[in-house]
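Student: Pasting in a structure now, in structure tokens, and then I'll have a few things to ask.
Values in this text are rule-based calculations from the coordinates and carry no lab data. What you see is a predicted model, and the numbers here were worked out from it, not measured in a lab. Heads up, the Cβs are rebuilt from the backbone with ideal geometry, glycines too, and the neighbour counts pull from every protein chain shown.
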Ligand SMILES: [Zn+2]
């Protein structure tokens, strides 16, 4: 009788670990019908002026999640990048103004 080597067992465990690390809990399934195909559906909730994206089962339309259309997190990241750019520009302008002031002071003095 063949015996599975410890090395083989370790290799299988490693691959299972890798599969879990890459795919997490596996592909999401619809809680109602069990299907695994989904689509995004933009909608405006009553009483709101912010559109949302529902992740819905392609088969039975049951939502499994809702996303922010505007992606507020991405907007904040973009704003942070833009603010950092503006801060660098202001610093350059400040340096330029200080240089001009220094040159003018030396001319007049
Ligand atoms: Zn479904």
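Student: Full extension from residue 49 to residue 95: what is 0.36 nm times the residue separation minus their Cα-Cα distance, to one decimal in nm?
Tutor: Contour length minus the Cα-Cα distance gives 12.1 nm.
Student: I would also like to ask the following. Would the range 30-96 count as rounded, prolate or oblate if I go by the C-alpha gyration tensor, calling it rounded below 1.5 in a/c and otherwise prolate when a/b exceeds b/c, oblate otherwise?
Tutor: prolate
Student: Could you work out how far apart the two model spin labels at residue 81 and residue 64 are, taking each label as a point 7 Å from the Cα in the direction of the beta carbon, and quote it in nm?
Tutor: 3.0
Student: Take the alpha-carbon centre of the range 31-81, take the same for the range 88-108, and report the distance between them in whole Å.
Tutor: The range 31-81 and the range 88-108 have Cα centres separated by 51 Å.
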